[in-house]
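**Student:** Have a look at this one.
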Amino acid sequence: MFPSVKSEFLKRNTVLTSPCTAISLYGTHLREGWFDLFRGGDDHLFGWGCRSWGKYVGDVLTNVDIERSLAHEAVMSSNEKPISFVTPGASANPITGRALAQARGISNWLFVVCFMVFAMVVLGGLTRLTHSGLSMVDWRPVTGWLPPLDDAQWMAVFELYKQSPEYNQVNLGMTVDGFKGIFWLEFIHRLLGRAIGLVFALPFLFFMVRGWLDRRIVPMLVFFFVLGGLQGALGWYMVKSGLADQPDVSQYRLTAHLGLAVVIYAFMFRFALRLRHGFDSVRPMIAPGLIGLRRYARVLPFIVFVTLLSGGFVAGLDAGFTYNTFPLMDGMLIPGQLYDGTPAIMSAFEDIMTVQFNHRWFAMATLVVIGIFWIMSLRRRLGVAQRLAMHLLLFCVMAQVALGIATLLMVVPVALGTLHQAGAVVLLSATIYALHTIEWGHMSE
Ligand code: HEM
């Protein structure tokens, strides 16, 4: 009576880890062949279809029976060996075999690159907060990986720096030893950028030659590489804005540089998580009760990203060095001179008070939105990994808000400012991970 799930199962290399996956396979049949109503794959209709279908199936068989029978059917008639099965709630990953091992190898490699990008973001914050970012006044992407090696070379780069507005307006009279102090951080920041390029490109070529890269993921990897190159160029474009007349980089360019780094990180992190399940894994059908939560979870990375960008403007305008009280600003909850510029909207990017005000309240909104999400999640039946991901997310947002307030009240000490920047990326990762666990259910455990 039921359509054959065996062929579907094998074609998709999907593993049945929960009743929901089983229902999802049947739901896929419904969508793809049986009822035109389901064409287009609207989640709501599809969810409804699966709900009804699941209820019907549930009347006939218990959940475990569904799994067992499908598993049995697949194993009995399959010549392929890689499949094992887990019962609901078990935490072993069920797929084994060469393709999965390769996908996981690539995923591990991307996690390493992600970690390096994260370190790069943190180091970038430290470089900015220690006023080291304008110490190198030229950019030699290929040949510039060696630091000055003797006194003559140090004098040469110092002479170049002496022509910059930062030296003349801020550091006049600085000695070469003082210059070395600010040079190293910027140098290491750039060196790490090159290292990321190598750690990305060399294994990429190696995997290509060994034939480990599934063709479908190559465009995405090339896209990451291009974005990485663009990020380097954007970094130099930002530094250049601080070498012209004023020794301050443009807040627009700084935010763009921070934003692009985080975009690269976020896409790569999500992609690496997904590759844990293989190259051509199909996302399991979500339990109907989690559809709303998933929709909500999809918005969270964007909300955190907007707050993060608004933080970039605070940093770029040094707006954290004034109005160092919370929650009041200038003695008021909503200060009078907000959006005073012409046109008013430009104040959101150029007026210190408005920029800081926006960042505070974007952050509070982020806290509230994630808090509501967490409360919603309490009322759902979740697996262990999912539940942990929700708690982790709540913890991250609370810690990040606390760090932000401490950074403000203590007038941006270097350590706290750097930690706050790192916290923003950790929080973004927590939103992506929460979304991932909701989407992949038991398979993410
Ligand atoms: C969801 C919460 C938050 C996120 C995601 C976030 C993110 C960020 C980011 C990415 C930066 C730029 C850091 C840099 O470029 O060095 C920043 C800067 C800053 N944030 Fe937040 N922030 C949050 C909450 C807060 C809160 C609640 C406050 C205070 C009320 C705050 C105060 C600051 C200050 C003062 C800076 C400037 C620090 C500097 O000059 O380095 N943040 N924030």
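The values are calculated or read from the model by the stated rules, or taken from the named source; none is laboratory data. Note that the structure is predicted; figures quoted are calculated from it, not measured. Cβ atoms come from the backbone with ideal geometry, glycine included; neighbour counts cover every protein chain shown.
**Student:** Could you give me the residue pairs with C-beta distances under 8 Å whose first residue belongs to the range 226-237 and is assigned by TED's automatic domain parsing to the domain that holds Val249, whose second residue is exposed (fewer than 15 other Cβ atoms within 10 Å of the Cβ) wherever it lies, and which are 6+ apart or on separate chains?
**Tutor:** Leu227/Val263; Gly232/Pro141; Trp236/Trp139
**Student:** Across the range 296-336, which residue is nearest to the ligand (Cβ to nearest atom) among those that are polar (S, T, N, Q) and surrounded by 13 or more Cβ atoms within 10 Å (Cβ to Cβ)? Before you say what the answer is, go through the steps one by one.
**Tutor:** Within the range 296-336, the subset polar (S, T, N, Q) is 307, 310, 322, 324-325.
Still in the running and surrounded by 13 or more Cβ atoms within 10 Å (Cβ to Cβ): 307, 310, 322, 324.
On the way: Thr307: 4, Ser310: 7, Thr322: 10, Asn324: 8 Å.
Step by step, filter the range 296-336, then rank; the result is Thr307.
**Student:** Name the residue that is surrounded by the fewest Cβ atoms within 10 Å (Cβ to Cβ), counting only residues in the range 358-381 that are of a type in the set (Phe, Trp, Tyr) and either away from the ligand (no atom under 11 Å from the Cβ) or not in a helix (DSSP H, G or I) (or both). Can you show your working first?
**Tutor:** Applying the first criterion (of a type in the set (Phe, Trp, Tyr)) to the range 358-381 yields 361-362, 373-374.
Subset that is either away from the ligand (no atom under 11 Å from the Cβ) or not in a helix (DSSP H, G or I) (or both): 373-374.
On the way: Phe373: 21, Trp374: 16.
Per the stated criteria, the residue is Trp374.
**Student:** Sort through Ala434, Ala389, Ala422 and tell me the only one that's assigned to a helix (DSSP H, G or I) and either modelled with pLDDT under 95 or within 13 Å of the ligand (Cβ to nearest atom) (or both).
**Tutor:** Within the list Ala434, Ala389, Ala422, the selection yields Ala422.
**Student:** Which ones in the range 406-418 are near the ligand (Cβ under 9 Å from one of its atoms), among the hydrophobic types (A, V, I, L, M, F, W, C) and out of contact with any Lys or Arg (no Cβ under 9 Å at 6 or more places or on another chain)? Break it down into steps so the answer makes sense when it comes.
**Tutor:** Kept after step one, since they are near the ligand (Cβ under 9 Å from one of its atoms), are these residues of the range 406-418: 406-409, 411-412, 414, 416-418.
Restricting the remaining residues to those that are among the hydrophobic types (A, V, I, L, M, F, W, C) gives 406, 408-409, 411-412, 414, 416.
Those that are near the ligand (Cβ under 9 Å from one of its atoms), among the hydrophobic types (A, V, I, L, M, F, W, C) and out of contact with any Lys or Arg (no Cβ under 9 Å at 6 or more places or on another chain): Ala406, Leu409, Val411, Val412, Val414, Leu416.
**Student:** Does any residue in the range 117-133 that is in contact (Cβ under 8 Å) with a residue 60 or more places away in the chain come within less than 8 Å, Cβ to Cβ, of a residue that is aromatic (Phe, Trp, Tyr) six or more places away or on a different chain, and which pairs are these?
**Tutor:** Val117/Tyr265; Phe118/Tyr265; Val121/Tyr265
**Student:** Is it the case that Asp351 is among the acidic types (Asp, Glu), away from the ligand (no atom under 11 Å from the Cβ) and on the phi > 0 side of the Ramachandran plot? Even if it seems obvious, please write down each step before you answer.
**Tutor:** Working: among the acidic types (Asp, Glu): yes; away from the ligand (no atom under 11 Å from the Cβ): yes; on the phi > 0 side of the Ramachandran plot: no.
No, not satisfied.
**Student:** Do we find that Phe373 is touching a helix residue (DSSP H, G or I) at 6+ places or on another chain (Cβ under 8 Å), aromatic (Phe, Trp, Tyr) and within 15 Å of Phe305 (Cα to Cα) in this structure? Break it down into steps so the answer makes sense when it comes.
**Tutor:** Details: touching a helix residue (DSSP H, G or I) at 6+ places or on another chain (Cβ under 8 Å): yes; aromatic (Phe, Trp, Tyr): yes; within 15 Å of Phe305 (Cα to Cα): no.
When the stated conditions are applied, Phe373 does not pass them.
**Student:** Also, I was wondering about something else. Show the residue pairs that are 6+ apart or on different chains and have beta-carbon atoms under 6 Å apart, the first residue being within the range 273-298 and free of Cβ contacts under 8 Å to residues at least 40 places away in the same chain and not assigned by TED's automatic domain parsing to the domain that holds Ala434, the second being surrounded by fewer than 16 Cβ atoms within 10 Å (Cβ to Cβ) and aliphatic (A, V, I, L, M).
**Tutor:** Cβ pairs passing all conditions: none.
**Student:** Is the range 272-287 home to any residue that is among the polar types (S, T, N, Q) and part of a helix (DSSP H, G or I)? Outline the logic, then answer.
**Tutor:** From the range 272-287, those among the polar types (S, T, N, Q) are 281; that's our starting set.
Retained after the next criterion (residues that are part of a helix (DSSP H, G or I)): none.
Checking the range 272-287: not a single residue is among the polar types (S, T, N, Q) and part of a helix (DSSP H, G or I).
**Student:** Looking at the range 187-207, is at least one residue within 17 Å of Phe158 (Cβ to Cβ) and surrounded by 19 or more Cβ atoms within 10 Å (Cβ to Cβ)? Spell out the reasoning first.
**Tutor:** Going residue by residue through the range 187-207, those that are within 17 Å of Phe158 (Cβ to Cβ) are 187.
Then keep just the ones that are surrounded by 19 or more Cβ atoms within 10 Å (Cβ to Cβ); that gives 187.
Yes: the range 187-207 contains one or more residues that are within 17 Å of Phe158 (Cβ to Cβ) and surrounded by 19 or more Cβ atoms within 10 Å (Cβ to Cβ).
**Student:** While we're looking at this one, here's another question. For the range 130-155, enumerate the residues that are surrounded by 14 or more Cβ atoms within 10 Å (Cβ to Cβ) and of a type in the set (S, T, N, Q).
**Tutor:** Thr130, Ser132, Ser135
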